[in-house]
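Asker: Can you keep this structure in mind? I'll have questions shortly.
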Amino acid sequence: DTAVSQTPKYLVTQMGNDKSIKCEQNLGHDTMYWYKQDSKKFLKIMFSYNNKELIINETVPNRFSPKSPDKAHLNLHINSLELGDSAVYFCASSPATGPYYEQYFGPGTRLTVT
Amino acid sequence: AQSVTQLGSHVSVSEGALVLLRCNYSSSVPPYLFWYVQYPNQGLQLLLKYTTGATLVKGINGFEAEFKKSETSFHLTKPSAHMSDAAEYFCAVTERTGGFKTIFGAGTRLFVKA
């Protein structure tokens, strides 16, 4: 029944580890996003995919690699985790690519790197 | 490049009082504007949006916002605050060109006092 779901909800790991966050949407949307929200609640886009094609690739370290196996899924893999990667990561989707579409957000994954 | 400024990182009102959350944007072309709300430990959800047409936009939970081009503003209001309105509110603008990237403001935390 959940529109946009993310797993895991919480992720605690040590520096240098590799971790993945999974996202799935059952809304039939074509476009999906990854956002990072820092401790001050600032929300910044990282990536966007439309029908499995990367369309937005912001300036993020190449340790972050998104992957979209199909248009309902967008995963985020992070290599060699650093303390500064600690944040809440949100997945979102929208019906299509366009400036007038609102986005539907998942519940977030709180990543803590120790 | 477009940007969004939310005046006041924290706003406190009494229950039943008027809620006014301020948002100003900068854009070289007419923007698409959004307000999202984030309740604690949840993802963002859309309150309302302005695309074209009527400049006074009504949203969910009794909120409304008015697009004022001359003032480059899109302030959010609600006549009477309820305890359940306590949350973080984000103003956002989507660029009309390029990868249709959504830029979020820094957020305003609304506190409602009994």
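Asker: When the range A:91-100 is examined, which residues are found to be touching a residue at least 60 places away in the same chain (Cβ under 8 Å) and at the interface with chain B (Cβ under 8 Å from one of its Cβ atoms)?
Answerer: A:A92, A:T97
Asker: Tally the residues that are in a loop (DSSP other than H, G, I, E, B) and either under 14 Å from the mean Cα position of the chain (by Cα) or touching a residue at least 12 places away in the same chain (Cβ under 8 Å) (or both), restricting the search to the range A:29-59.
Answerer: 7
Asker: Could you say which residue among A:N17, A:N62 is modelled with pLDDT of 95 or more, farther than 27 Å from B:F34 by Cα and assigned to a loop (DSSP other than H, G, I, E, B)?
Answerer: Within the list A:N17, A:N62, the selection yields A:N17.
Asker: Which one is surrounded by the most Cβ atoms within 10 Å (Cβ to Cβ), of the residues in the range B:84-114 that are under 22 Å from A:E102 (Cβ atoms) and away from chain A (no Cβ under 14 Å)?
Answerer: Result: B:D85.
Asker: Can you name the residue in the range A:101-114 that is under 23 Å from B:L48 (Cα atoms) and either in contact (Cβ under 8 Å) with a residue 24 or more places away in the chain or surrounded by fewer than 16 Cβ atoms within 10 Å (Cβ to Cβ) (or both) and, of all such residues, is nearest to the other protein chains (Cβ to nearest Cβ)?
Answerer: A:F105
Asker: For the structure I just gave you, tell me whether B:A81 is surrounded by 18 or more Cβ atoms within 10 Å (Cβ to Cβ), assigned to a loop (DSSP other than H, G, I, E, B) and either of a type in the set (A, V, I, L, M) or within 11 Å of chain A (Cβ to nearest Cβ) (or both).
Answerer: So B:A81 fits the description; yes.
Asker: Could I ask something else about it? Which residues, counting only those in the range B:45-71, are away from every other protein chain (no Cβ under 13 Å) and buried (at least 17 other Cβ atoms within 10 Å of the Cβ)?
Answerer: B:F63, B:A65, B:F67
Asker: Hey, another quick one. Restricting attention to the range A:38-86, which residues are within 14 Å of chain B (Cβ to nearest Cβ) and of a type in the set (G, A, S)?
Answerer: A:S39, A:S48
Asker: Moving to a separate point now. If a residue must be of a type outside the set (A, V, I, L, M, F, W, C) and within 14 Å of B:A114 (Cα to Cα), how many such residues does the range B:1-16 contain?
Answerer: Of the residues in that region, 4 qualify.
Asker: Does any residue of the range A:78-86 turn out to be in a strand (DSSP E or B) and not β-branched (V, I, T)?
Answerer: No: zero hits.
Asker: Please give the number of the condition A:P61 fails out of (1) within 24 Å of B:E95 (Cβ to Cβ); (2) in contact with a helix residue (DSSP H, G or I) (Cβ under 9 Å, 6 or more places away or on another chain); (3) surrounded by 14 or more Cβ atoms within 10 Å (Cβ to Cβ).
Answerer: All conditions pass for A:P61, except number (3).
Asker: Of the residues A:L76, A:L54, A:L43, which is closer than 26 Å to B:Q2 by Cα, crowded, with 21+ Cβ neighbours inside 10 Å and among the aliphatic types (A, V, I, L, M)?
Answerer: Going through A:L76, A:L54, A:L43 in turn, the sole match is A:L43.
The values are calculated or read from the model by the stated rules, or taken from the named source; none is laboratory data. A quick note: this is a predicted structure, and the numbers were derived from the prediction, not measured. Note: ideal-geometry Cβ built from the backbone for every residue, glycine included; neighbour counts use all protein chains shown.
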